[in-house]
1. Under the definition of Cα pairs under 8 Å and six or more residues apart, what whole-number percent is the relative contact order of the chain?
2. Can you give me the relative contact order of region 64-150 as a percent, contacts being Cα pairs under 8 Å and 6 or more apart?
3. For region 17-146, what does the accessible surface come to per residue with a 1.4 Å probe? Please give it in Å².
4. Which entry in (i) 24, 17, 16; (ii) 35, 16, 10; (iii) 23, 18, 14 is this structure's computed semi-axes √(5λ) of the Cα gyration tensor in Å?
5. State the percentage of accessible surface on the chain attributable to carbon and sulfur atoms; use a 1.4 Å probe and exclude ligands, DNA and RNA.
6. Among the lysines, select those whose C-alpha is under 26 Å from the C-alpha of residue 86, and discard any that sit fewer than 8 residues away in the same chain.
7. Please determine, in degrees from 0 to 90 and to the nearest 10, the orientation of helix 99-117 with respect to the longest principal axis defined by the Cα atoms of the chain, where the helix direction is its Cα long axis.
8. Can you give me the angle between helix 39-51 and the longest principal axis of the chain, using Cα atoms only, in degrees from 0 to 90, rounded to the nearest 10?
Amino acid sequence: MRAVIQRVNKAKVTTNNKVTGEIGVGMYILLGVSETDTPEDALWLSNKIHKLRIFEDEAGKMNLPINYIGGNYLVVSQFTLHASTKKGNRPSFIKAAKPPLATRLYQEFIQNLETLSGKKVETGSFGDYMYIESRASGPVTIIIDTKNKE
């Protein structure tokens, strides 16, 4: 699994002129599931993200996890995170998981975050065309890949 995590002041997802997810301060997460990912990857990644200390303390240092500041999550599926651009100029998405697996692991990841945070996780609309608005804070953007464990 790959995640692009962005610290935000607010973020919103709209599909078919309807807001499907919206948060204030928190983390906007793009999540890509590959064909080789497992429930263990979803668990490891959700734990890692939940514990990330990317919010500023009183001294202005990135030292606080999301639960300390009362932040929320917005998770959006993003199969293009597994694009390969090795050959030619048109990306290949052959490593991205097919919808049945991707949907299951996406939902497991969200459930894990809800369990860890004790809050509802806001989401996009899986497989639909989405419009996303976000206001990055910092900016702080972090990429995590479960295969590399970094």
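The values are calculated or read from the model by the stated rules, or taken from the named source; none is laboratory data. All values reported here derive from a predicted model rather than from experimental measurement. Note: ideal-geometry Cβ built from the backbone for every residue, glycine included; neighbour counts use all protein chains shown. Only protein heavy atoms, including side chains, enter the accessible area calculation; ligands, DNA and RNA are left aside. Shrake-Rupley method; radii C 1.70, N 1.55, O 1.52, S 1.80 Å.
1. On the way: 314 pairs, mean separation 57.5, N = 150.
RCO, the chain: 38 percent.
2. On the way: 51 pairs, mean separation 27.8, N = 87.
Reported relative contact order: 32 percent.
3. On the way: 7630 Å² over 130 residues.
Using a 1.4 Å probe on heavy atoms only, each residue of region 17-146 averages 59 Å².
4. Entry (i).
5. Numbers: 4340 of 8650 Å².
Of the solvent-accessible surface of the chain, carbon and sulfur hold 50 percent.
6. Answer for residue 86, where 26 Å is the Cα cut-off: 95, 98, 147, 149, listed by chain and number.
7. That works out to roughly 10 degrees.
8. Roughly 30 degrees between the two axes.
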